[in-house]
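Since the structure comes first, as structure tokens, the remarks are kept for the end.
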Amino acid sequence: MRKTILGAALALAAAFASPAAGAAGHTIKVGILAEMSGTFADFGQQITNGAKAYMKQHGDTVAGRKIELVIRDTTGPAPDVAKRLAQELVVKDEVDFIAGFGLTPNALAVASIATEAKKPTIVMNAATSVITARSPYIVRTSFTLAQVTEPMAQWAHRNGVRKVYTVVADYGPGHDAEATFKKTFAKLGGEVVGEARVPLKNPEFSPFVQKVKDARPEAVFVFVPAGELAVGFMKAYRERELAKAGIRLLSTGDVTEDGVIDALGDNALGVISTHQYSMAHDSPENKAFLAAYAQVAPQQRPNFMAVGGYDGMAAVYEVVRRLDGNVDGDKAMGVLKGLKIASPRGPIQIDADTRDIVQNVYVREVRKVGGKLYNVEFDHFPAVRDPGK
Ligand code: PHB
């Protein structure tokens, strides 16, 4: 039913489309759906600032077309809001691309609209594996939890860890992290001695962390989404004195990401994580990114979401350039499939078949460099794919 309504609205929009649409000079609109308010407001800030940093560095005109961001606030994990806003972006704003998505539920909610409207849709963060399979018009410039978790399990085993307790946020990306860690670790001969899932909203970490301590594993593996949940987990880890009990903390980089690392403070020192981006990554591309980001948001440390937004805009620019400004959904997908980008995190590629990202995954340790906390990369797994793809 909804499908029919959107279909009719699209037909109407096409009939009344301004004559300038498609003609030289028409602005290319990138509709960004992101969490701009509420508990997850940082996600939207990072993503949109990353996108703006790309535009700052490369100018706002490509192939004679002005590029415009149309930013809409999903307010948090709110699939119904995301879906309604996506419909408006397509029908009212007539965007050429849909992009953004800090949180998985918001990305999943928009898949059917991407398909029906044939809109190239760029997921700049949401990291549950299945998202790209939900529409042939979705590509991802961020990562998947499975992609960064498999190397963590491998690294842990290689470094003598055999008994691990897993703690994940109880929704899509957490379930992927839990399953991937267990599968990879078990195959290598390790054992997951306990599993805990914590709610996405207002979790109380202390009881979970006490259970971990009581089980006496050698390490705890953690994924919670970037930001406040990471602070909550680290606080409980310290208060329950897990480190003193000899339980190491291994995590995906979401827990120690650059935007939150100052709030974690010295408690985070020594935490090992795997992820695709660190501010401390040493490359000319990262230097240029950091300089552009500092111009857009001087008060904020950019994290991996900012890089997802930045690279997502790099993908948009490449599509507009290669299509000489005449953006059409199917042709855009033709450019996006197989696209390679020299990202601030290192080389990345959008796999032509899965439309998901292939990239290096780095092993990092939280250390102090020049008096500030950083995720210092000391090892890496090259050109990693989502293990299920
Ligand atoms: C997600 O909802 O897919 C998500 C959010 C934050 C993260 C990772 C994944 O840090």
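Every residue, every condition in (1) farther than 23 Å from residue 41 by Cα; (2) out of contact with any Gly (no Cβ under 8 Å at 6 or more places or on another chain); (3) modelled with pLDDT of 95 or more, yes or no:
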| site | (1), (2), (3) |
| --- | --- |
| 115 | yes, yes, yes |
| 119 | yes, no, yes |
| 132 | yes, yes, yes |
| 147 | yes, yes, yes |
| 154 | yes, yes, yes |
| 165 | yes, no, yes |
| 173 | no, yes, yes |
Taking the stretch 252-266 and keeping only residues that are assigned to a loop (DSSP other than H, G, I, E, B) and of a type in the set (Val, Ile, Thr), one is left with 255, 256, 260
When restricted to 301, 321, the only residue farther than 26 Å from residue 28 by Cα and more than 15 Å from the chain's Cα centre (by Cα) is 301
Does residue 227 satisfy the condition of being within 16 Å of the ligand (Cβ to nearest atom) and buried (at least 22 other Cβ atoms within 10 Å of the Cβ)? yes
Only one of 332, 383, 280 is over 30 Å from residue 178 (Cα atoms) and either surrounded by fewer than 19 Cβ atoms within 10 Å (Cβ to Cβ) or not hydroxyl-bearing (Ser, Thr, Tyr) (or both), namely 332
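What do you reckon, is residue 192 over 22 Å from the mean Cα position of the chain (by Cα) and more than 30 Å from residue 342 (Cα to Cα)?
For residue 192, the condition - over 22 Å from the mean Cα position of the chain (by Cα) and more than 30 Å from residue 342 (Cα to Cα) - is met.
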In the stretch 108-122, residues that are in contact (Cβ under 8 Å) with a residue 60 or more places away in the chain, open to solvent by less than 30 Å² (accessible area, probe 1.4 Å) and closer than 16 Å to residue 312 by Cα total 2
**Message:** Considering only the stretch 239-251, I want to know if a residue exists there that is in a helix (DSSP H, G or I) and within 24 Å of residue 104 (Cβ to Cβ).
**Reply:** no
Scanning the stretch 97-115 residue by residue, the ones that are within 15 Å of the ligand (Cβ to nearest atom), among the β-branched types (Val, Ile, Thr) and touching a strand residue (DSSP E or B) at 6+ places or on another chain (Cβ under 8 Å) total 1
The stretch 1-107: helices (runs of 4 or more DSSP H) wholly inside it with 2 or more residues that are at pLDDT below 95 and open to solvent by 60 Å² or more (accessible area, probe 1.4 Å) are 2-15
The residue that is nearest to the ligand (Cβ to nearest atom), considering only those in the stretch 116-144 that are in contact with a Lys or Arg (Cβ under 8 Å, 6 or more places away or on another chain) and assigned to a helix (DSSP H, G or I), is 131
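With crowded, with 20+ Cβ neighbours inside 10 Å and assigned to a strand (DSSP E or B) as the only criterion, which of 220, 209 stands out?
Answer to the check: 220.
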Checked against (1) among the polar types (S, T, N, Q); (2) buried (at least 17 other Cβ atoms within 10 Å of the Cβ); (3) within 29 Å of residue 94 (Cβ to Cβ), residue 343 satisfies every condition except (3)
Taking the stretch 204-233 and keeping only residues that are touching a residue at least 60 places away in the same chain (Cβ under 8 Å) and more than 23 Å from the chain's Cα centre (by Cα), one is left with 219
Residues of the stretch 122-148 being over 14 Å from the mean Cα position of the chain (by Cα) and either among the hydroxyl-bearing types (Ser, Thr, Tyr) or within 20 Å of residue 73 (Cβ to Cβ) (or both), in sequence order, are 135, 137
Subset of the stretch 126-155, residues in contact (Cβ under 8 Å) with a residue 60 or more places away in the chain, open to solvent by less than 10 Å² (accessible area, probe 1.4 Å) and under 18 Å from residue 83 (Cα atoms), comes to 132, 138, 139
Considering only strands (runs of 3 or more DSSP E) wholly within the stretch 282-389, the ones with at least 1 residues that are within 30 Å of residue 116 (Cα to Cα) and not hydrophobic (A, V, I, L, M, F, W, C) are 340-343, 346-350, 357-369
When the stretch 176-206 is checked residue by residue, the ones that are surrounded by fewer than 19 Cβ atoms within 10 Å (Cβ to Cβ), outside any strand (DSSP E or B) and out of contact with any Asp or Glu (no Cβ under 9 Å at 6 or more places or on another chain) are 179, 186, 187, 188, 189, 201, 202, 204
All-but-one check, residue 172 against (1) of a type outside the set (Asp, Glu); (2) within 13 Å of the ligand (Cβ to nearest atom); (3) within 17 Å of residue 222 (Cβ to Cβ); (4) surrounded by 24 or more Cβ atoms within 10 Å (Cβ to Cβ), failing number (4)
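The values are calculated or read from the model by the stated rules, or taken from the named source; none is laboratory data. All values derive from a computational prediction rather than experimental measurement. For neighbour counting, all protein chains shown are included, and Cβ atoms are generated from backbone atoms with ideal geometry for every residue, glycine included. We work out accessible area using only protein heavy atoms, side chains counted, and drop any ligands, DNA or RNA first. Shrake-Rupley method; radii C 1.70, N 1.55, O 1.52, S 1.80 Å.
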